[in-house]
Structure formats: C-alpha cells, structure tokens
Amino acid sequence: MKNLLILVFSFAMIGLQAQPVTFATDVAPLVYSNCTPCHRAGEVGPMPFTNYQQVAQFGNMIAYVTQQRSMPPWKPDRNYSHFIGERGLSAADIQKLQDWVAQGKPRGDSTLEPPAPTFPTGSQLGTPNLVLSMSQTYTIQGNNTDEYRNFVIPSGLLQDRQIAAIEFRPGNGKVVHHALIGFDTTGTARRKDQQYAGYGYPGFGFNADVQGEFTGYTPGSQVLRYPSGIAKRLPANADIVVQIHYAPSPVSDTDRSSLNIFFAQGTVTRQAITYAANPYDFPNGANSFVIQPNTMPMFRAIRRVPYDISLMSVYPHAHLLGKSWKTYAVTPRNDTIPLIKIDDWDFNWQGSYTFPKFVKIPALSNIIVEATYDNTTNNPLNPSNPPRLVTWGEGTTDEMFLNYLTYVPYVTGDENRALGSKDVGSNSITLPLKFYPNPVKGRGNIEFYLESSCVVQFQLVDVQGKVVKTFPKEVFSAGIQVKSLDFSGMAQGMYLLNMETAEGKGIQKIYVE
Ligand code: HEC
C-alpha cells in the first residue's frame, strides 16, 4: 500500500514536472490581461510589463507578490460576494507563475506570443457629452509624501441634468492614486479654494463640502454607466468637486485631470439614490463613534430598508485607522444577503464596487454595516504616535464611518438585469458586436466592448458550421475596442464571425465579397 502511494505520488510529480510553462503560451496572456492595465508606461504600476524582457526581469518578484495575493490588487473577499471588474488570479495561475520562474523563465516559441495589449486613450465608455478639465495644472512636490487635494470644477450647466456616468480621467496616471467625485451647490468648496494659496485646497475635507457623490476612481477601475432609464441628477450650476490622492513621488510632477460626463439617453424613470450608512445608524447613537487609543474597536450600523430596493454599488469609506468592513442585509424572513467583506481595508485602495446584477433587498430588511479600526502602534498608517483619542472629523487624524449604498426602487425583473456586460462565473452572455464595412472586401473592422481586460479569440465559421479561419488570440483592455481583421483570399459568401472572451461570446453575420 505504502509503495503504491509512493508510486502514485511520483507519477503525480512527474506529471507536474513534465508540464513546461513558457512566456509565449502561458505567462504573457496571464500578465497582459491581469497586470499590464496598470503596469505600463504612464500608469500607476511602478514597472512596465509589456514584453518578455520586462516580465522576466521581475519574474521572482512577480512570483512572490502573486503568491502573497497582494497583486493584482483586489480588496473584497471573492468568496463572499462578486463585483464587476473583479481582479484576482486562480490558484492554477499562481502556480503557473511559480513553475515558470522555477523552470528558469523560458520564453518558448515567440511566434505564439500574443502582442502586448493596446489601450484606448480616450474614454472607456464612448463619446462623452461634456468634458470638464481642471482649469490649471497642479504641481505635486517631489517630497515622497501622500497628498490629498480638492479641486473645484464648475459644471457650467445652466439646467439640471440627468447623469448616466462621470468618468474620471487622470491627467498623469503615474501619480494619481485615487479620486473622489462629488458636487456642491452651496459655494462651500469655492470659498475654501479661495482661502488657500495655489490651485485647489488640501485635506480630506470632502464630505462636508459636497451634497452628492458620483463614482470615484482607482487605477484600473471602470466607472459604471447606469442602465437605461436610471440616472443621477446634477443640479444646475453645480460645482463638481474632485478630491485627488497623489501618491508619494520622489520627483516633482504635474497633473491636470479631467472628467467625461455622459448624460442619460431617453426617459429617466428611476433616480439613483446614494445613502451613506453612518454613525447616526449606530444603535447607541452617533456619539458612540469614539476610538480610544490602543484599541481595535468594531462599530455596527443598522439601517432599515423602507421599501423594496435594487442595490447597484457599495463604497466603504474610512480614514487611516480603518481596518476591515463587512456589509450584509438580513431580510424579514431572516435570510442573509452578503454584500461586501474586506478583511484588510486600505485607504489607498478604497473604491466603489458595482454588483454584476442588481441585488434585490426586500422591504423591512436591515442593512448591517460593520467596520473595525486599528488605533494601535501596529497600524503602520496610524497618523498619531503615540495613538490618541479619535472621533468623527474631516482631518487626516480624524475618522469616518461611511458606506455609500447606491440603489433604485425595485421593479420586477431587476434581479435578472446585468449592470455591466460581465456576468461573473458564466460566459453565456452575448456581447454586442459591430462590423464594418459589411459586405467586406479585404480588411474589415470589428468593434466590441469589454468590461475588463481579457483574452479575445475570433473565428470565422461558414454556413455549414465549419471553422474556416482562426485569428490569433489577443489580449484587449477594458472599454470600447476596434480590431481590424483580414479576409482577403476568402471565398465569397456569408460567414459567422465568432468572438469568444472570458466575459462572453459574440456573433456577427458578415458577407465577404
Ligand atoms: C490596479 C492596478 C494594478 C494591477 C492590475 C497590478 N498592479 Fe502591481 N502594482 C500596482 C501599484 C500601484 C504598485 C505600487 C505599490 C502599491 O501602490 O501597492 C504595484 C506594485 C507591484 C510590484 C512591486 C512590488 C510591490 O508590491 O510594490 C510588483 C512586482 C507588481 N506590482 C506585480 C504585479 C503583477 C504580477 C500583477 C498582475 C498579476 C499586478 N502587479 C497587477 C498596481 C497594479
């Protein structure tokens, strides 16, 4: 029996060792789709991964950070709930990277290697109705410290507008680490801007200056465009307030970021509502939000849902002592609906998370939001040493407890409606394709949209269902993509152009002349 086990075990070992891993066929598709969106020139990742040499040079470090699961960065627990644009490698992918490094980082057959992906330079959502830029270029000091700066950007809109999305475009992706977006109709932010020297004003002082928020920005993230019929109202003459976190930089650098604004098309039947769960939802009242020095307290907010709602996104927000978050709903029938769990929340990687589909929360459910804080010297981000008593406030050394819940009143069928084109866990979704010119002679263009960066394969199938041409696999980034394909030499007639991606399949009928 023992011998048999050893035999089986050694076969398994041989099986493992016999599996060669190469850059061309295994590592390039993996790195290009999961890492390159941030690790390329002008983006926030500190080193580019756009060819064999660059990836091989950092091979050991890549094997390390992926095994630690610190890269690609993704904070929410993927076993608890799912979101659009979710990042993370499977255990098999992590092992592949380990094996590749252990085998001496072979390149393999470079003719099989996918080209490095190209990224759209403009909007990821399409053509905006309005583009607003920071009115001045802002200079970030090369002093290796984090900087938080608020900029006031007048909308110039003389009427109320229904907004489908505001897309933040970093002017300088190397230094912009995250951004929060809100609007102000009271002039508070404008007055603050005037009180401080230079363009913009410093501080975390965001929440008190704005009366509404839009989806913020983190590197590599994609903003949700509300589905048709849903929008958020931007009041006339509002100022848009953008708080930008500039990452520490050893050299002076500049930034001039901008906003792409998309108005809702067609009739808006439901307003997106954002409610921020906050300390007034604590059973013991808002005054119980007190964080004693050298403690790691947990706070719990409970918010009763008055009518059926369809939740679209969540965005937990604390300051530097924030440690973990868990949010779930408990229905009147005592079912639990998991919403988000983040075990190592990090101020620098905060963001808004959109569910793949609307999440229905029935009337009279309780939404429960729990957060823990670490006010000890073990917390490397603790701004006070020795730790001091911390309460609610806007400053760097104060704290916050907010979970922005964005929802609409529920209508029948919402729970089956996707919020993005990506349906996590299945690729049965049909992706819309556009093809032109059709009929085609020689080269034609296929236009498609991806929720996140992934490998795409095109195949041409004839009327008998036979595959007549397979185009090389290629990695594309998130957003609208156009690919030119060559059909010269093909027999005249009708074909189906099939697109296969991790997000779903697309089919387009084409005519070759
Ligand atoms: C969403 C953007 C983003 C993605 C995606 C991403 N990185 Fe990073 N990476 C960063 C940033 C930013 C840093 C700098 C450290 C930080 O801010 O956490 C970094 C740092 C690193 C480092 C330097 C060591 C360190 O931890 O600082 C390595 C190595 C690395 N990334 C590898 C990868 C690999 C491999 C992938 C894909 C599996 C990946 N990254 C995906 C943004 C990203």
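ALA92 versus (1) more than 27 Å from the chain's Cα centre (by Cα); (2) loosely packed, with under 13 Cβ neighbours inside 10 Å: which is the lone unmet condition?
So ALA92 meets the others, but not (1).
Can SER133 be described as more than 16 Å from the ligand (Cβ to nearest atom) and of a type in the set (Ser, Thr, Tyr)?
Yes, satisfied.
Sort through ASP239, ASP281 and tell me the only one that's modelled with pLDDT of 95 or more, closer than 15 Å to LEU132 by Cβ and of a type in the set (Asp, Glu). Before the answer, list the steps.
Details: ASP281 fails: closer than 15 Å to LEU132 by Cβ.
Just one listed residue meets the conditions, ASP239.
If you take the residues of segment 71-92 that are within 23 Å of GLY479 (Cα to Cα) and aliphatic (A, V, I, L, M), which of them is farthest from the ligand (Cβ to nearest atom)?
Out of the qualifying residues, it is ILE84.
Are there any strands (runs of 3 or more DSSP E) wholly within segment 459-513 with 3 or more residues that are free of Cβ contacts under 8 Å to residues at least 40 places away in the same chain and not assigned by TED's automatic domain parsing to the domain that holds PRO37, and if so which? Break it down into steps so the answer makes sense when it comes.
Working: elements: 467-470, 474-476, 479-486, 493-501, 504-512.
Strands (runs of 3 or more DSSP E) meeting the threshold: 467-470, 493-501.
Please determine, by comparing only the residues of segment 184-206 that are open to solvent by 20 Å² or more (accessible area, probe 1.4 Å) and in contact with a Gly (Cβ under 8 Å, 6 or more places away or on another chain), which one is nearest to LYS174 (Cα to Cα).
Of everything passing the filter in segment 184-206, GLY203 is nearest to LYS174 (Cα to Cα).
Can you name the residue in segment 38-47 that is within 9 Å of the ligand (Cβ to nearest atom) and at pLDDT 85 or above and, of all such residues, is surrounded by the most Cβ atoms within 10 Å (Cβ to Cβ)? Give the derivation first.
Going residue by residue through segment 38-47, those that are within 9 Å of the ligand (Cβ to nearest atom) are 38-39, 43-47.
With the extra rule that they be at pLDDT 85 or above, the set shrinks to 38-39, 45-47.
Details: CYS38: 21, HIS39: 24, GLY45: 20, PRO46: 10, MET47: 13.
My answer is HIS39.
Test each condition in (1) open to solvent by less than 40 Å² (accessible area, probe 1.4 Å); (2) at pLDDT 95 or above; (3) in contact with a Phe, Trp or Tyr (Cβ under 7 Å, 6 or more places away or on another chain); (4) under 14 Å from VAL369 (Cα atoms) for ALA276 and report the one that comes out false.
That leaves (2) as the condition not met.
Please return the ranges of strands (runs of 3 or more DSSP E) entirely within segment 345-451 where 3 or more residues are at pLDDT 90 or above.
Hits in segment 345-451: 353-361, 366-373, 402-409, 443-450.
What residue, among those in segment 180-191 that are in a strand (DSSP E or B) and more than 17 Å from the chain's Cα centre (by Cα), is farthest from the ligand (Cβ to nearest atom)?
Among residues in segment 180-191 that are in a strand (DSSP E or B) and more than 17 Å from the chain's Cα centre (by Cα), the one farthest from the ligand (Cβ to nearest atom) is ASP184.
Given the criteria of a type outside the set (D, E, K, R), over 19 Å from the mean Cα position of the chain (by Cα), in a loop (DSSP other than H, G, I, E, B) and closer than 24 Å to ARG149 by Cβ, does PRO332 qualify?
The answer is no for PRO332.
If we keep just the residues of segment 48-70 that are near the ligand (Cβ under 7 Å from one of its atoms) and over 21 Å from THR25 (Cβ atoms), which is modelled with the lowest pLDDT?
Among them, the one singled out is SER70.
Of all residues in segment 211-239, which are more than 16 Å from the ligand (Cβ to nearest atom) and touching an Asp or Glu at 6+ places or on another chain (Cβ under 8 Å)?
GLN211, ARG233, LEU234, PRO235, ALA236, ALA238, ASP239, listed by residue number.
For segment 295-306, check the following and say yes or no: at least one residue is under 30 Å from THR145 (Cα atoms), modelled with pLDDT under 95 and touching a strand residue (DSSP E or B) at 6+ places or on another chain (Cβ under 6 Å).
No, segment 295-306 contains no residue that is under 30 Å from THR145 (Cα atoms), modelled with pLDDT under 95 and touching a strand residue (DSSP E or B) at 6+ places or on another chain (Cβ under 6 Å).
Yes or no, residue by residue, for (1) open to solvent by 20 Å² or more (accessible area, probe 1.4 Å); (2) closer than 28 Å to LEU450 by Cα; (3) free of Cβ contacts under 8 Å to residues at least 60 places away in the same chain:
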residue	(1), (2), (3)
ALA238	no, no, no
PHE263	yes, yes, no
ARG270	yes, yes, no
VAL330	yes, no, yes
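The values are calculated or read from the model by the stated rules, or taken from the named source; none is laboratory data. None of these values were measured; they are calculated from a predicted model. With ideal geometry, Cβ positions are generated from the backbone for all residues, glycine too; neighbour counts draw on all protein chains shown. Please note that ligands, DNA and RNA were not included when accessible areas were found on the heavy atoms of the full protein model with its side chains. Shrake-Rupley method; radii C 1.70, N 1.55, O 1.52, S 1.80 Å.
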